[in-house]
Amino acid sequence: MTAVNPLLPQKVTLQEIVAETPEIKTLRLASEKGIPFDFIPGQCAMISLPPVGEALFSITSSPGCREYLEFSIKKVGAVTRALHELEPGQQLGLRGPYGNGFPLEALRGKDLLFIGGGIGLAPLRSLINYCLERRGDFGGIDILYGARTPEDLIRREEIMERWPAAPDTRVYLTVDAPYPGWEGHVAFVPAYLSELAFSPENRIAITCGPPAMIKFVLKALEELNFAPEQVITTLEMRMKCGVGKCGRCNIGSLYVCRDGPVFTLAQLRQLPPEY
Ligand SMILES: Cc1cc2nc3c(=O)[nH]c(=O)nc-3n(C[C@H](O)[C@H](O)[C@H](O)COP(=O)(O)OP(=O)(O)OC[C@H]3O[C@@H](n4cnc5c(N)ncnc54)[C@H](O)[C@@H]3O)c2cc1C
Ligand code: FES
């Protein structure tokens, strides 16, 4: 695919919109050539909807999907509310890809432990499907995913059917509190993580979710003796340009949009506590 200027929005069409939960919809976007640019799991793109504005989202589809890009979007403000109201056929602008993405080479041959909460499954899903498409390149895959209620779990078909059926792959679901009809696990994600007590041997943990969850997940992983180099997380800051120019997202000398959003815990510990 020819290189694209990541600062210029490309025209894309909304092909399909899937209501995942009352607050989250997944948008499927494509340009005339299919996916408008190449990317790696963990990278993001800026969706623009004139005249409302633009906002940054993780690409949640796998790079193996060449027909369209998917974004799971939580309704929180003006842009995301407007994106939730769209109908298929609508034209949008899309610029990217932005950010460093997950360190794919460092994951090769390792057992992988994914820990997600709520909309935090979005970037993890891209990486999980990437790994499942290259199953022989990675060790065992364990996926711990939680949400407030069963209604808030996204990508149900994948998390409940497709992923648990993949070779050497296990999915652990949990919700915060008992819920009518839910017979699965009930616990906060960090508590369930401690209970499952994964060994750190030859394993990398990759986590994404709300800041409160991340804080306690990092603590739980430390108690399970994961070294800071074995823990990967993503940071979510307010962003504007997406390319390290406007200074909106800096932490010390780093720009989260350009040098992140993916960091190991070892890297985060080198940064000033501004996130
Ligand atoms: C690297 C990265 C990846 C992201 N991936 C996704 C994704 O896959 N799906 C998704 O739904 N959202 C994602 N976001 C968040 C998304 O960019 C914001 O929700 C969006 O910009 C909100 O736009 P808005 O105009 O609807 O809301 P606004 O009116 O701008 O804000 C509404 C509320 O959300 C808060 N908010 C807005 N943006 C952020 C932010 N970046 N961090 C913390 N709080 C914020 C505001 O403080 C305010 O309280 C990501 C953000 C980053 C930085
Ligand atoms: S968003 Fe502009 S420098 Fe990161």
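Give the number of residues within segment 70-95 that are within 21 Å of V18 (Cβ to Cβ) and within 16 Å of ligand 2 (Cβ to nearest atom).
Residues that pass the stated criteria total 1.
Among D176, D259, which is of a type in the set (D, E, K, R), outside the structural domain of S48 (by TED's automatic domain parsing), under 18 Å from the mean Cα position of the chain (by Cα) and farther than 23 Å from N129 by Cα? Lay out the reasoning, then the answer.
On the way: D176 fails: under 18 Å from the mean Cα position of the chain (by Cα).
Answer to the selection: D259.
Just to be sure before I move on: is P150 open to solvent by 20 Å² or more (accessible area, probe 1.4 Å) and of a type outside the set (A, V, I, L, M, F, W, C) in the structure I sent? Before you say what the answer is, go through the steps one by one.
On the way: open to solvent by 20 Å² or more (accessible area, probe 1.4 Å): no; of a type outside the set (A, V, I, L, M, F, W, C): yes.
For P150, the condition - open to solvent by 20 Å² or more (accessible area, probe 1.4 Å) and of a type outside the set (A, V, I, L, M, F, W, C) - is not met.
If I ask for residues that are in contact with a strand residue (DSSP E or B) (Cβ under 9 Å, 6 or more places away or on another chain), open to solvent by 50 Å² or more (accessible area, probe 1.4 Å), of a type in the set (G, A, S) and more than 12 Å from L113 (Cβ to Cβ), which ones from segment 165-211 would you list?
Residue satisfying the conditions is A191 alone.
Are any residues in segment 102-140 basic (K, R) and surrounded by fewer than 24 Cβ atoms within 10 Å (Cβ to Cβ), and if so, which ones? Let's see the steps before the verdict.
As a first pass, look at segment 102-140 and keep what is basic (K, R): 108, 110, 125, 134-135.
If the condition is that a residue be basic (K, R) and surrounded by fewer than 24 Cβ atoms within 10 Å (Cβ to Cβ), then R108, K110, R134, R135 are the ones that fit.
What are the residues in segment 257-273 that are in contact (Cβ under 8 Å) with a residue 24 or more places away in the chain and either surrounded by fewer than 17 Cβ atoms within 10 Å (Cβ to Cβ) or near ligand 2 (Cβ under 6 Å from one of its atoms) (or both), if any?
Initial filter on segment 257-273 (in contact (Cβ under 8 Å) with a residue 24 or more places away in the chain): 257-266, 268-269.
Result: C257, A266, R269.
On the basis of being out of contact with any strand residue (DSSP E or B) (no Cβ under 7 Å at 6 or more places or on another chain) and assigned by TED's automatic domain parsing to the domain that holds G209, does G53 make the cut? Reasoning before the result, please.
Details: out of contact with any strand residue (DSSP E or B) (no Cβ under 7 Å at 6 or more places or on another chain): yes; assigned by TED's automatic domain parsing to the domain that holds G209: no.
Against the criterion (out of contact with any strand residue (DSSP E or B) (no Cβ under 7 Å at 6 or more places or on another chain) and assigned by TED's automatic domain parsing to the domain that holds G209), G53 does not qualify.
Determine whether A266 is outside the structural domain of G120 (by TED's automatic domain parsing), under 17 Å from F102 (Cα atoms), away from ligand 1 (no atom under 16 Å from the Cβ) and of a type outside the set (K, R). Even if it seems obvious, please write down each step before you answer.
Numbers: outside the structural domain of G120 (by TED's automatic domain parsing): yes; under 17 Å from F102 (Cα atoms): yes; away from ligand 1 (no atom under 16 Å from the Cβ): yes; of a type outside the set (K, R): yes.
Spelling it out, A266 is indeed outside the structural domain of G120 (by TED's automatic domain parsing), under 17 Å from F102 (Cα atoms), away from ligand 1 (no atom under 16 Å from the Cβ) and of a type outside the set (K, R).
It is to be established whether one or more residues within segment 43-50 are under 23 Å from T234 (Cβ atoms), in contact with a helix residue (DSSP H, G or I) (Cβ under 8 Å, 6 or more places away or on another chain), more than 16 Å from ligand 2 (Cβ to nearest atom) and of a type outside the set (K, R).
no
Output yes when any residue across segment 116-134 is of a type in the set (D, E, K, R) and part of a helix (DSSP H, G or I), and no when none is.
Yes, segment 116-134 has at least one match.
The values are calculated or read from the model by the stated rules, or taken from the named source; none is laboratory data. This is a predicted model, so every value here is computed, not measured. Note: ideal-geometry Cβ built from the backbone for every residue, glycine included; neighbour counts use all protein chains shown. Calculation scope for accessible area: heavy atoms of the full protein, side chains included, ligands and nucleic acids excluded. Shrake-Rupley method; radii C 1.70, N 1.55, O 1.52, S 1.80 Å.
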